[in-house]
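What follows is calculated from the coordinates using simple rules that are stated; it is not laboratory data. The structure displayed is predicted, hence computed values, not measured ones. Counting neighbours? That spans all protein chains shown, and the Cβs are built from the backbone with ideal geometry, glycine included.
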């Protein structure tokens, strides 16, 4: 009569499995975090461009001035922190409204001016969003379009989104031209980091590395 002997795993085999699982987790977790980081940055750039397109379209179709400004904490007005867009942004019809005291084209949501978009983030402290002028030196608190869809700023501008460590390899941006058209940043010099290229107003081109510092 034959006997069937069941054999379990040895301690060494179990430890080997645990080590393999630990290695796989160690590889997967950083990859997932990086993927999530990239996705959140791309999402912010996409949403900002969506706001630009909608505000510009409303300005032309309704023959008004529209404005995008950095949002306050509640997303129902412009933020007081000059140039800090990390909380999000709002777009509105900047026509002064019908309530006394409203001012047309002043870059602030006054009275009963119509709110077009309100976009805010809960994890604002994890990312930086900046809007600067053509040479990258001055922060811009708001951006307006006239009834032809042109920027009232008088110059080009760019938006940059960075993670809190300001790693330039994951930063992304938008060039916003005086015509109101916006294009995404690219790695123009193949160094693994996106760049922004804007005109200098004299027929030349200025290239900016993407940084929020």
Checklist entry - Taking the highest mean first, how do the peptides 119-125, 61-67 order by number of other beta carbon atoms within 10 angstrom per residue? => result 61-67, 119-125
Checklist entry - Which FRET efficiency value, to the nearest 0.05, do you get for residue 76 and residue 181 by plugging their Cβ-Cβ distance into 1/(1 + (r/R0)^6) with R0 = 41 Å? => result 0.90
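Multiply the residue gap between residue 60 and residue 46 by 0.36 nm, knock off their C-alpha separation, and tell me the result in nm, one decimal place. If you can, show how the numbers build up before the last one.
Working: separation 14, 0.36 × 14 = 5.04 nm, distance 2.14 nm.
Gain on extension, residue 60 to residue 46, equals 2.9 nm.
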Checklist entry - For residue 207 and residue 126, what does the FRET efficiency come to when R0 = 30 Å and r is the distance between their Cβ atoms, rounded to the nearest 0.05? => result 0.65
